[in-house]
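Q: Here it is, the structure, as structure tokens.
The values are calculated or read from the model by the stated rules, or taken from the named source; none is laboratory data. Note that this is a predicted model, so its numbers are computed, not measured. Please note: Cβ atoms are built from the backbone with ideal geometry, for glycine as well, and neighbour counts cover all protein chains shown. Side chains are part of the model used for accessible areas, which takes the heavy atoms of the whole protein and leaves out ligands, DNA and RNA. Shrake-Rupley method; radii C 1.70, N 1.55, O 1.52, S 1.80 Å.
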Amino acid sequence: MTDRKNSLTYADAGVNIDAGNRLVDLIKPMVRATARPGADAEIGGFGGLFDLKAAGFQDPVLVAATDGVGTKVKIAIETGIHSGIGIDLVAMSVNDLVVQGAEPLFFLDYFACGKLDPEATAAIVAGIAEGCRESGCALIGGETAEMPGLYEDGDYDLAGFAVGAAERGTLLPSRDIAPGDAVIGLASSGLHSNGFSLVRKVVEQSGASLGAPAPFAPVMTLGGALLTPTKLYVKSCLRAIRETDGVKGFAHITGGGFTDNIPRVLPKGLGVRIDLAKVHVLPVFKWLAAQAGIAELEMLRTFNCGIGMVTIVKADTLARVMDVLASSGEIVSHLGYVIETSDEQRVVYDNHLDLRA
């Protein structure tokens, strides 16, 4: 067949296979660094493998979770700061696994963009690999999709998929959560990856520049402060489960805040009473509330307000669990107790958040 002088190529249509191959070469060392028992963390095949027996499980139940980072990616794109967004991606899934008492085993990512920039994408994957290492799970695969026409040049989105395991009979929440059980809060690192559509609206209305010093953290730019990565709770929470025999449940405080997330792990007829005066509200939340006049209950249902994970424990193990979590690097506070409730309001608040700037 005679080649046509002006024949089109895939690259002419906007998809650069060579850039994709370069990306794979850039990220292979990062991926290998996440190897753990059960997975060699090599990429390039058509599927990733994991050996549960090599990981030490006898009678495991698999637990799976998937999530993204929402419109937080818009701030990463606008600022060109991509290094932490991969940690966010891992955290949003593995924190959901540990809530169910599962140890994260492996992770896969999906990255879609308009035009592939191998170096910028490698920075994102470096964050994913870091999040995996910190959570003890292997990055065993992923997919990069270059889709011109669907995404503008420079735009991207990503999703993550995590699988963990727990021995049969050890899954959380336990069925014996009861009135009088204690509620512990674990501090967040900031906004994590929720509420960013509102955050971006507040920034727009305030007239603040993402490149200017953050009003609530002047040593950082506003964009950099808003992009503080989501905290990973896996190792500290697994340690509390294994060393205390007191943990009955966890609630990952994501979109929906305290109001919607804590009831997800409670039996019917039970709620919690939370003392808001015990919540150490981070400066970013005070700034957001002040800038837009956001009501307290709206803050509590949109943001984590400074508490990224809630733990429900036997009352007589409260001190022990708090000690283990604190020695694992967590900032912890005793927020309240489990109560009986028969109405729609399953989270009862005492006092108020300290939203004074």
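Q: Hey, Gly180 hits all of (1) among the small types (Gly, Ala, Ser); (2) at pLDDT below 95; (3) not in a strand (DSSP E or B) but one; which does it fall short on?
A: Failed condition: (2).
Q: Quick check: is even one residue across the range 291-298 aliphatic (A, V, I, L, M), closer than 19 Å to Ile184 by Cβ and surrounded by fewer than 18 Cβ atoms within 10 Å (Cβ to Cβ)?
A: Checked against the condition, which is being aliphatic (A, V, I, L, M), closer than 19 Å to Ile184 by Cβ and surrounded by fewer than 18 Cβ atoms within 10 Å (Cβ to Cβ), the range 291-298 yields no hits at all.
Q: Please state which one of Ala240, Ala212, Ala208, Ala217 is under 16 Å from Val332 (Cβ atoms) and of a type in the set (A, V, I, L, M, F, W, C).
A: After ruling out the rest, the residue left standing is Ala240.
Q: Something else about it: Any residue in the range 197-205 that is in contact with a Phe, Trp or Tyr (Cβ under 9 Å, 6 or more places away or on another chain) and either of a type in the set (Ser, Thr, Tyr) or open to solvent by 20 Å² or more (accessible area, probe 1.4 Å) (or both)?
A: Looking for residues that are in contact with a Phe, Trp or Tyr (Cβ under 9 Å, 6 or more places away or on another chain) and either of a type in the set (Ser, Thr, Tyr) or open to solvent by 20 Å² or more (accessible area, probe 1.4 Å) (or both), one finds at least one in the range 197-205, hence yes.
Q: So Thr121 passes all but one of these: (1) under 29 Å from Asn261 (Cα atoms); (2) open to solvent by less than 10 Å² (accessible area, probe 1.4 Å). Which condition number does it fail?
A: With respect to (1) under 29 Å from Asn261 (Cα atoms); (2) open to solvent by less than 10 Å² (accessible area, probe 1.4 Å), Thr121 is out only on (1).
Q: Kindly check whether there is at least one residue in the range 26-41 that is surrounded by 15 or more Cβ atoms within 10 Å (Cβ to Cβ), more than 24 Å from the chain's Cα centre (by Cα) and part of a helix (DSSP H, G or I).
A: Checking the range 26-41: at least one residue is surrounded by 15 or more Cβ atoms within 10 Å (Cβ to Cβ), more than 24 Å from the chain's Cα centre (by Cα) and part of a helix (DSSP H, G or I).
Q: Consider Ala208 carefully, then state whether it is in contact with a Pro (Cβ under 8 Å, 6 or more places away or on another chain) and more than 25 Å from Ala64 (Cα to Cα).
A: yes
Q: Moving on. For the range 118-153, enumerate the residues that are charged (D, E, K, R) and without any contact (Cβ under 8 Å) to a residue 60 or more places away in the chain.
A: Glu130, Glu143, Glu152, Asp153
Q: For the range 83-99, check the following and say yes or no: at least one residue is open to solvent by 10 Å² or more (accessible area, probe 1.4 Å), more than 18 Å from Pro229 (Cα to Cα) and at pLDDT 95 or above.
A: yes
Q: Is it the case that some residue within the range 300-315 is in contact with a Ser or Thr (Cβ under 9 Å, 6 or more places away or on another chain), closer than 13 Å to Ala187 by Cβ, among the aliphatic types (A, V, I, L, M) and open to solvent by less than 10 Å² (accessible area, probe 1.4 Å)?
A: yes
Q: Also, I was wondering about something else. Determine which member of the set Ala277, Ala251 is closer than 20 Å to Leu89 by Cα and either under 19 Å from the mean Cα position of the chain (by Cα) or open to solvent by 40 Å² or more (accessible area, probe 1.4 Å) (or both). I'd like the intermediate steps shown before the answer.
A: Values: Ala277 fails: closer than 20 Å to Leu89 by Cα.
It is Ala251.
Q: Inside the range 209-230, can you point out the residues that are in a loop (DSSP other than H, G, I, E, B), open to solvent by 30 Å² or more (accessible area, probe 1.4 Å) and either under 22 Å from Cys132 (Cα atoms) or free of Cβ contacts under 8 Å to residues at least 24 places away in the same chain (or both)?
A: Ser209, Ala212, Thr228, Pro229
Q: Please work out which residue is nearest to the chain's Cα centre (by Cα), limiting yourself to the range 91-129 and to residues that are among the acidic types (Asp, Glu) and within 30 Å of Ile241 (Cβ to Cβ).
A: Asp96
Q: Quick check on Leu238: is it assigned to a helix (DSSP H, G or I), open to solvent by 10 Å² or more (accessible area, probe 1.4 Å), hydrophobic (A, V, I, L, M, F, W, C) and touching a helix residue (DSSP H, G or I) at 6+ places or on another chain (Cβ under 7 Å)? Please lay out each step first, then the result.
A: Working: assigned to a helix (DSSP H, G or I): yes; open to solvent by 10 Å² or more (accessible area, probe 1.4 Å): yes; hydrophobic (A, V, I, L, M, F, W, C): yes; touching a helix residue (DSSP H, G or I) at 6+ places or on another chain (Cβ under 7 Å): yes.
Against the criterion (assigned to a helix (DSSP H, G or I), open to solvent by 10 Å² or more (accessible area, probe 1.4 Å), hydrophobic (A, V, I, L, M, F, W, C) and touching a helix residue (DSSP H, G or I) at 6+ places or on another chain (Cβ under 7 Å)), Leu238 qualifies.
Q: Which of (1) touching a Pro at 6+ places or on another chain (Cβ under 7 Å); (2) modelled with pLDDT under 90 does Ala54 not meet, given it meets every other one?
A: It fails just one condition, (2).
Q: Confirm whether Phe106 is closer than 30 Å to Asp12 by Cα and either modelled with pLDDT of 95 or more or open to solvent by less than 20 Å² (accessible area, probe 1.4 Å) (or both).
A: Answer is no for this residue.
Q: A further question on this structure: Please go through the range 290-306 and give me each residue that is out of contact with any Leu (no Cβ under 7 Å at 6 or more places or on another chain) and in a loop (DSSP other than H, G, I, E, B), ordered by number.
A: Hits for the range 290-306 are Gly293, Ala295, Asn304.
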